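Take a look at the structure set out below.
The values are calculated or read from the model by the stated rules, or taken from the named source; none is laboratory data. All figures in this text were calculated on a predicted structure; none of them were measured in a lab. Don't worry about glycine lacking a Cβ; one is built from the backbone with ideal geometry, like all the others, and counts go over all protein chains shown. Ligands, DNA and RNA are stripped out before the accessible areas are found, and what is left, the full protein with its side chains, is counted by its heavy atoms. Shrake-Rupley method; radii C 1.70, N 1.55, O 1.52, S 1.80 Å.
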Amino acid sequence: MTDILKLIETKDPGEKEFHQAVKEVVESVKPVLDRNPEYRKMAVLERITEPERVILFRVPWVDDQGDVRVNRGFRIQMSSAIGPYKGGLRFHPSVNLSILKFLAFEQVFKNALTTLSMGGAKGGSDFDPKGKSDNEVMRFCQSFMAELFRHIGADTDVPAGDIGVGAREIGYLFGMYKKLRNEFTGVLTGKSLGWGGSLIRPEATGYGCVYFAAEMLNTRNTSLEGKTCLVSGSGNVAQYTVEKILQLGGKVVTLSDSSGYIYDAAGIDRDKLDYVKRLKNIRRARIMEYVDKYSEAVYTEADSTLGCNPLWDHRADCAFPCATQNEINRKDAENLVRQGISLVCEGANMPCTPEAVDVLLDNKVLYAPGKAANAGGVAVSGLEMAQNSMRLNWPREEVDNRLKIIMRSIHRTCLDAAAEFGTPGNYLAGANIAGFVKVVNAMLDQGLV
Ligand code: NDP
Ligand code: 2IT
């Protein structure tokens, strides 16, 4: 087991997020390998940690001043064992190979858990959409797609959104793909409703995450009704996480962005959430403006010298990290436990460090890893692909019901796999094991490819 970790540390030095994601899965699946000697013989770990294909390309574009800019584009096609490559695109200055490989690796298991036929991928660029005009974003997206189009397709690889990529970017990317290929196919998901998008796709990650949390609470005979919740981020996933928590009777007291966080003791109600949606999605402004509008709330600037994020140091029952990777460290987890938290459900991908997860599990906190809890987003992407293939659009209730059924099934699958392999109640082990077994069995069926 250590060998595979040593191997990737030697082969891929410095890719710390990728190493972190691999280590977690490898530790979880050890009992599965022990029970199935064939897996080791067929080198499944060595194969599953090596992307099937990595595409790295130059993205030149012209800004509004007429200056030429150059960014780096990526697509990591990690696994096509159970379906076409599938996973989001992230536009953020922090994007690098390590981050996209960790995300693609996680996506393989997440997509397997959805029960739909999707392989795993991730892509993006170090382009920062913040502060850019719509025209600049459009020119960037067109240049990005001018290379990516030759590597993707409705039956090959179907990208979608992630941090910094929402409906606007998907629109520009789709337009360019269609022009270059001269075909109108479901090559991207997260499309707008008028031209192939699915109802509930914008809501799906956040709603699904809260459905998953409700299932977990149900195992302890309780619900979100009356629970105080901490939510981080204020983008797509955070907004719809808050919306569903409110619908289920919970109270949300925090939201954040990379500049800082707001704490609203009175609770972020439906009207305040609508304000946040306008602030973030239309004006693309900072969350600090919330306190100008609602003076009862308090804004705290982000301070990386603190060694912890004070957002996670408020009295609460449930926490939903919905911003980015490694946003909850050991100290944050200790603060959450001290403040009485009983559930942490990951809307973001890998927001808890391994040390934070240990603290949560040691303290019997219900903890759901992102690859299970945030799988609703890609699940509804899968439903968007199905609708596109049929050239049909399902009504809102139908997609939402399917999403609920999928989240319930993922919850059950995690618990069953965890129990079968000797770690009852451990959703992390369960998610890793169940996703791994499905993908690895498909790899074995298909021979050495
Ligand atoms: P958005 O771009 O809509 O929102 C991202 C939010 O997180 C913003 O509030 C952003 O603040 C904050 N954020 C981003 N990077 C950092 C950082 N380095 N430090 C602090 N805050 C940061 O993205 P999404 O809501 O789509 O994605 C949020 C998380 O959910 C990501 O981990 C993503 O991988 C995951 N996810 C997304 C899915 C989807 O369908 N969109 C599906 C499953 C998971 P700011 O505006 O200041 O950058
Ligand atoms: O992390 C994720 O699951 C996503 N960003 C969504 C991927 C998708 O293809 O819908």
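FRET efficiency for the pair Arg150 and Asn221, taken as 1/(1 + (r/R0)^6) with r the Cβ-Cβ distance and R0 = 56 Å, rounds to 0.55. Projecting label points 7 angstrom from Cα along Cα→Cβ for Arg315 and Met390 puts them 5.0 nm apart.
Each of Ser98, Ser409, Ser304 has its accessible area taken with a 1.4 Å probe; listed largest first, they run Ser304, Ser409, Ser98.
Neighbours of Pro84, meaning other residues whose beta-carbon lies under 9 angstrom from its beta-carbon, give a summed charge of -1 when Lys and Arg score +1 and Asp and Glu score -1.
Full extension of the chain between Lys179 and Ala419 yields a length gain of 81.3 nm, computed as 0.36 nm times the residue separation minus the alpha carbon distance. In this structure, the amide hydrogen of Gly87, modeled 1.01 Å from its nitrogen in the peptide plane, lies closer than 5 angstrom to those of Ala121, Val158, Ala160, counting only residues at least 5 positions away or on a different chain. Extension gain for the segment Arg58 to Ser117, taken as residue separation times 0.36 nm less the Cα-Cα distance, is 18.1 nm to one decimal.
Using the Cβ-Cβ distance between Gln446 and Asn363 with R0 set to 30 Å, the FRET efficiency from 1/(1 + (r/R0)^6) comes to roughly 0.10. Charges were assigned to the Cβ only: +1 to each Lys and Arg, -1 to each Asp and Glu. The resulting dipole of segment 140-217 about its Cα centre is roughly 340 debye. Taking the accessible area of the chain, probe 1.4 Å, and keeping the other protein chains in place, the carbon and sulfur fraction comes to 50%. For segment 11-53, a/c is not less than 1.5, where a ≥ b ≥ c are the root eigenvalues of the C-alpha gyration tensor, and a/b does not top b/c. That puts it in the oblate class. Just need the relative contact order of the chain here, percent rounded to a whole number, with Cα pairs under 8 Å and 6+ apart. Value for the chain: 15 percent. On the beta carbon distance between Leu5 and Ser295, with R0 = 56 Å, the FRET formula returns roughly 0.65. Using the rule -39500 (n - 2.57) for each DSSP H run of four or more residues, divided by the residues of the chain, the 222 nm mean residue ellipticity is -14500 deg cm²/dmol. Classify segment 1-117: rounded, prolate or oblate, from the alpha-carbon gyration tensor (a ≥ b ≥ c, eigenvalue square roots; a/c under 1.5 rounded; otherwise prolate if a/b is larger than b/c)? Prolate is the answer for segment 1-117, as a/c is 1.5 or above and a/b outweighs b/c. Looking at segment 262-386, the accessible area is 39 square angstrom per residue; that uses a 1.4 Å probe and ignores ligands, DNA and RNA.
In terms of its alpha-carbon gyration tensor, the chain comes out rounded; the largest-to-smallest axis ratio a/c stays below the 1.5 threshold. Ordering of 269-277, 207-215, 186-194 by packing is 207-215, 186-194, 269-277, highest average first (other Cβ atoms within 10 Å, averaged per residue). Summing Cβ point charges (Lys, Arg +1; Asp, Glu -1) relative to the Cα centre of segment 63-162 gives a dipole of roughly 320 debye. With a cut-off of 11 Å between beta carbons, the residues surrounding Leu7 carry a summed charge of -3, where Lys and Arg count +1 and Asp and Glu -1. Give the separation of the Cα centroids, segment 55-126 to segment 380-427, in Å. Centre-to-centre (Cα) distance: 23 Å. For segment 202-343, the spread of Cα positions along the three principal axes, ordered from largest to smallest, is 40, 32, 27 Å.
Using a probe of 1.4 angstrom and keeping all protein chains present, the accessible surface of segment 85-154 works out to 25 square angstrom per residue.
Between their Cα atoms, which of Lys30/Lys438; Lys86/Lys178; Lys191/Lys227; Lys6/Lys101 are more than 26 Å away from each other? Pairs exceeding the cut-off: Lys191/Lys227. Listed by chain and number, the lysines placed with their C-alpha closer than 17 angstrom to that of Lys277 are Lys130, Lys244, Lys293; residues fewer than eight positions away on the same chain are left out.
For segment 377-449, the Kirkwood hydrodynamic radius comes to 14.2 Å, computed from all pairs of different C-alpha atoms. Here the gap between Ser259 and Asp303, fully extended at 0.36 nm per residue and compared with their Cα-Cα distance, gives a gain of 15.0 nm.
For the chain, the residue among Ser258, Leu415, Ser198 whose Cα projects farthest onto the positive side of the dipole built from Cβ charges is Ser198.
In this structure the amide hydrogen of Leu255, modeled in the peptide plane, comes within under 5 Å of the amide hydrogens of Ile262, none closer than 5 places in sequence on its chain.
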